[in-house]
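The next block holds one structure in the form of structure tokens; read it before the comments.
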């Protein structure tokens, strides 16, 4: 792992900066009674994230990993500093879209580097460490928000500084980045015929995590939390996801993944219902956020593992690209719908998005488990922590792609 120390340090700083900026935007819009804008600004970010991650491979192939990393870091800084210079929701929408494009492309740079530099026997471990670094960076970004939210300009400058600092260890490394092969997406119709539950899981993951990242800080403000409590509210969401991802992944290796997805969806809905009951009690609401986040952030990893069980190994990476596209589409829907409900109904409307999405996933997964046979154990891969970042992250999975296999349709 020592040879990736500088890269992981860069990832940590990147996610701290982007995480701080994202929560500050939602928090500030809510404090200015612009809650209806929160969803649109969040949706613009996820559109940018999808474009950046899906087109990042072409950028890297054209100019190389290190140059692309530097250019995209500069675009990300521009997107953050625009929030300081132009104080208007429309400008903030454009700024968040630029941040999404930059982070999506940066994910491609980072993951192509990791994916082509590690052996198959250690990819699962490297992916796990990478995911932990991602979550730690996001969590630190939330805590920075709690410490700096009193001065928006200073906080945004600190976020931009994190991106600048992230370029230093990567730009000065002696490691030679690998070349990147472009990834061609697998069609939605074809993937639906192979793994419909995986697509539904990716969509539900997008809806719920889009609501968390884009709207949860504003929901905290509307629910009566102060700046410090909003920071802990967000950190609890992310911390719960970090804690439960690996245990739930292991559970899906032992049990039918569809049953695990159904349970995860149901408990996502239960967590949201508990949150509704805890409104007006800040400490309890923050504690329940950790419970809810544990299920929300595990959905994508299990859905991806389920999809990889059912597609031919040679189509695993294109399937990952399609799932990411569905995830980004779900994130746009989740951020816009949860923001609209927050503005019209209040925090109960925000949490109702999780109730509906979790219930849909539970129903679809249970129906598939009753109608179709599970994948034989010999054809099932081990689940590993999987970030919702770019299609190239699939290269890190320890999946053999040397032979085709047939899988039951579900």
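Every read-out reported here was derived from the displayed coordinates using simple, explicitly stated rules and does not represent laboratory data. Just so we're clear, the structure is a prediction, and the values are computed from it rather than from any experiment. Using ideal geometry, Cβ is built from the backbone for each residue, glycine included, and neighbour counts are taken over all protein chains shown.
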Inter-part gap, Cα centre of region 349-372 to Cα centre of region 45-104, in whole angstrom, is 33 Å
Taking the alpha-carbon centre of each part, the distance from region 203-225 to region 138-158 in Å is 18 Å
Here the residues of region 26-44 lying in the modelled label zone of residue 150, meaning backbone nitrogen under 20 Å from a point 7 Å along Cα-to-Cβ, are 27-29, 31-32
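Given a Förster distance of 51 angstrom, what is the FRET efficiency for residue 345 paired with residue 254, based on the Cβ-Cβ distance and rounded to 0.05?
Numbers: r = 40 Å, r/R0 = 0.78.
So the FRET efficiency works out to roughly 0.80.
Among 296, 311, what is the fewest-to-most ranking by other Cβ atoms within 10 Å?
Values: 296 30, 311 23.
With the fewest neighbours first, 296, 311 line up as 311, 296.
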Checked region 1-172 with the C-alpha gyration tensor, a ≥ b ≥ c its square-rooted eigenvalues, rounded below a/c of 1.5, otherwise prolate if a/b is larger than b/c and oblate if not; verdict prolate
Ranked on Cβ counts within 10 Å of their own Cβ, fewest leading, 234, 145, 278 go 278, 145, 234
Applying the gyration tensor rule to the Cα atoms of region 131-284 (axes a ≥ b ≥ c; rounded if a/c under 1.5, else prolate if a/b exceeds b/c, else oblate), the class is oblate
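Once you have a ≥ b ≥ c as the square roots of the Cα gyration tensor eigenvalues for region 227-327, tell me rounded if a/c is under 1.5, and otherwise prolate or oblate according to whether a/b is larger than b/c. Write down the numbers at each step before the final one.
Details: a/c = 2.82, a/b = 2.12, b/c = 1.33.
Because a/c hits 1.5 or more and a/b exceeds b/c, region 227-327 counts as prolate.
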Cβ density ranking, 10 Å radius, fewest first, applied to 80, 299, 59 yields 59, 80, 299
